[in-house]
Amino acid sequence: MVEYRAIRHGEWDQAMALWTGVFGVGGWLFQTLSDSTAGRSLEHTRVAVEDGRIVSAVDVFIRDLRDASGQPVRVGGIGSVATYDDARRHGHSGRLLEQAIELMEREGCAWSFLFTGTHHHYERYGWARTPLTMRQGKVRTEFPVRDEEYRVALLTSDTWPLEAMAQIYEVFNATRPLSHVRNKTCWDIATRTRLEQSERKTLGAWSGGELVAYLSATLGQNEGSVDEACALPGHSGALTNLFVAAAEHAKSRGYSTMSFLLPSEPGIDGAMSQVCEGFEEHQRGHTMSRPIRGGFTMEQVKELFAAPGRQHYELDNF
Ligand SMILES: CC(C)(COP(=O)(O)OP(=O)(O)OC[C@H]1O[C@@H](n2cnc3c(N)ncnc32)[C@H](O)[C@@H]1OP(=O)(O)O)[C@@H](O)C(=O)NCCC(=O)NCCS
């Protein structure tokens with residue numbers, strides 16, 4: 001007999017074994033998501049249990065994301081959706097997704113958000129594609145002279161100025177549609193652990209002794225992707241210096257293009273065009289969404305994904 005229910009104390013290791021086995025990634029990803037999400041309860045992790053063994057799981061991460069007018073609203077992020085190979089095609093994951101929808105209704109979520117490569121699994125339960133966009137440009141041969149007001153340096157795990165970064169993030173994204181509200185626990189656990197991944201480099205820009213902007217990028221084999229860049233108001237020169245430093249690094253690694261998973265807004269657009277040219281915009285189709293709360297429609301969710309200046313940052317993935 002299969003039970004579909006909330007995870008219980010003492011079962012977390014079994015769920016971790018399922019996720020790390022199915023996704024082939026380190027347990028840190030699932031552990032930090034759980035530890036950094038405020039208001040977590042056992043109810044949020046739904047499991048299918050057969051003869052005492054967890055065979056399928058779905059996790060719900062409740063977050064505050066900004067709506068089209070910049071106000072934080074409660075959103076249910078669906079993640080860690082997995083079923084062991086030998087238990088697939090029995091409807092386990094589907095049952096757990098139905099339970100996750102009921103849970104998000106009880107929790108008062110306005111809508112739900114997820115990342116996937118298997119869209120049809122979610123379409124059956126009401127999620128629809130809501131693509132994000134990215135811009136890609138060719139690295140210029142010459143960059144502008146750096147603004148001497150700002151000193152740029154690489155940030156490392158010994159020196160994370162997390163509090164200052166959190167303040168800059170908060171100010172820069174205070175009314176940005178789709179952006180996540182990150183509290184201190186989120187910064188200290190999830191954001192920090194993601195910043196510390198070996199493929200990622202993060203730079204800070206200081207004016208005098210004050211950190212006024214930062215940029216974070218992932219370095220792939222053939223290309224670098226800048227996926228977070230935030231500045232305090234009045235410091236767009238700091239953004240330009242950060243982008244120049246990132247583009248110089250890109251060039252030294254032999255990259256001819258760079259990708260930008262960043263909002264379209266004057267400071268960012270200006271800095272991007274100083275280091276790259278010939279931009280192309282691409283849709284990233286791995287995101288799906290679904291209204292949850294009565295009165296919130298799919299049209300409203302889609303409007304949010306089209307709102308000017310919107311951004312979902314990669315560091316907030318789940
Ligand atoms: C995607 C995944 C979670 C689905 O798990 P699952 O428990 O097999 O899901 P379900 O049983 O609800 O649905 C899977 C299929 O079985 C079918 N099915 C459901 N009940 C069935 C039953 N009683 N008999 C036969 N088939 C059944 C469904 O219609 C569905 O068919 P389709 O994919 O051809 O449309 C699982 O394949 C998995 O872990 N994949 C790897 C990780 C992954 O991709 N996760 C999602 C990424 S976000």
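The values are calculated or read from the model by the stated rules, or taken from the named source; none is laboratory data. Quick caveat: nothing in here was measured; it's all calculated off a predicted structure. With ideal geometry, Cβ positions are generated from the backbone for all residues, glycine too; neighbour counts draw on all protein chains shown. SASA here: full protein model, heavy atoms, side chains in, ligands and nucleic acids out. Shrake-Rupley method; radii C 1.70, N 1.55, O 1.52, S 1.80 Å.
Quick one: in the stretch 99-125, which of the residues that are in contact with a Ser or Thr (Cβ under 9 Å, 6 or more places away or on another chain) and open to solvent by 30 Å² or more (accessible area, probe 1.4 Å) is farthest from the ligand (Cβ to nearest atom)? Spell out the reasoning first.
Just the residues of the stretch 99-125 that are in contact with a Ser or Thr (Cβ under 9 Å, 6 or more places away or on another chain), to begin with: 100-101, 104, 111-116, 121-122.
The next check asks that each one be open to solvent by 30 Å² or more (accessible area, probe 1.4 Å); those that pass are 115, 121.
Values: Phe115: 7, His121: 5 Å.
By that ranking, first place goes to Phe115.
Of the residues Leu132, Leu162, which single one is over 21 Å from Val58 (Cα atoms), surrounded by 14 or more Cβ atoms within 10 Å (Cβ to Cβ), within 16 Å of the ligand (Cβ to nearest atom) and not small (Gly, Ala, Ser)?
On the way: Leu162 fails: within 16 Å of the ligand (Cβ to nearest atom).
Just a single option satisfies the conditions, and that option is Leu132.
Name the pairs: first residue in the stretch 254-280 and among the aromatic types (Phe, Trp, Tyr), second residue in a loop (DSSP other than H, G, I, E, B), Cβ to Cβ under 9 Å, at least 6 apart or on different chains?
Tyr255/Gly220; Tyr255/Asn222; Tyr255/Glu223
I'm trying to understand the selection: among the residues of the stretch 71-98, which are within 6 Å of the ligand (Cβ to nearest atom), in contact with a Phe, Trp or Tyr (Cβ under 8 Å, 6 or more places away or on another chain) and in a helix (DSSP H, G or I)? Reasoning before the result, please.
Of the stretch 71-98, the ones within 6 Å of the ligand (Cβ to nearest atom) are 81-83, 88-94.
Those still in the list that are in contact with a Phe, Trp or Tyr (Cβ under 8 Å, 6 or more places away or on another chain) too: 82, 92, 94.
Within the stretch 71-98, His92, Gly94 meet the criteria.
Hey, any hits in the stretch 136-144 for a residue that's farther than 20 Å from Ser252 by Cβ and open to solvent by 50 Å² or more (accessible area, probe 1.4 Å)? Working first, answer last.
Filtering the stretch 136-144 for residues farther than 20 Å from Ser252 by Cβ gives none.
No, the stretch 136-144 has no match at all.
As an exercise: evaluate Glu280 against (1) among the charged types (D, E, K, R); (2) open to solvent by 30 Å² or more (accessible area, probe 1.4 Å); (3) within 27 Å of Leu33 (Cα to Cα) and give the number of the one condition it does not meet.
(3)
Across the stretch 1-60, which residue is surrounded by the fewest Cβ atoms within 10 Å (Cβ to Cβ) among those that are away from the ligand (no atom under 16 Å from the Cβ) and among the aromatic types (Phe, Trp, Tyr)?
Checking each candidate, the answer is Trp28.
Could you list, in sequence order, all residues of the stretch 283-312 that are within 28 Å of Gly224 (Cβ to Cβ) and either open to solvent by less than 40 Å² (accessible area, probe 1.4 Å) or assigned to a helix (DSSP H, G or I) (or both)?
If the condition is that a residue be within 28 Å of Gly224 (Cβ to Cβ) and either open to solvent by less than 40 Å² (accessible area, probe 1.4 Å) or assigned to a helix (DSSP H, G or I) (or both), then Gly285, Thr287, Met288, Phe305, Ala306, Ala307, Gly309, Gln311, His312 are the ones that fit.
Output the number of the condition that Ala68 fails; it satisfies all remaining conditions of (1) under 21 Å from the mean Cα position of the chain (by Cα); (2) more than 15 Å from the ligand (Cβ to nearest atom); (3) modelled with pLDDT of 95 or more; (4) not polar (S, T, N, Q).
So Ala68 meets the others, but not (3).
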